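Quick notes on the structure that follows.
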Amino acid sequence: MRDEMDARMWVQHHDQFSLSVDRGLARLGAGLSRLRDAASRLASWDGTTAQLVAMVVAFAITALSFNTTA
């Protein structure tokens, strides 16, 4: 009797774990898909090189100013 109860509980928990893993993998796949879409949009960016350089310089100045104030 005890073995049967343990077996049923194991199967129930295994099924719940399996569903949790499936949901997690589905969410991970959806996140990677969104990341791929964002990367493709960035790759097709039609901005000028000067704007890109200005953006990089702005991030660098911000990073340096945060480091010096801390």
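Just so it is clear, none of the values below were taken in a lab; they were calculated from the coordinates. Just so it is clear, the model here is predicted, and its values are computed rather than measured.
Using just its DSSP H runs of length 4 or more, each adding -39500 (n - 2.57), the chain gives a mean residue ellipticity at 222 nm of -32500 deg cm²/dmol after division by all residues. Mean projection of the Cα convex hull over all viewing directions, computed for the chain: 9.0 nm².
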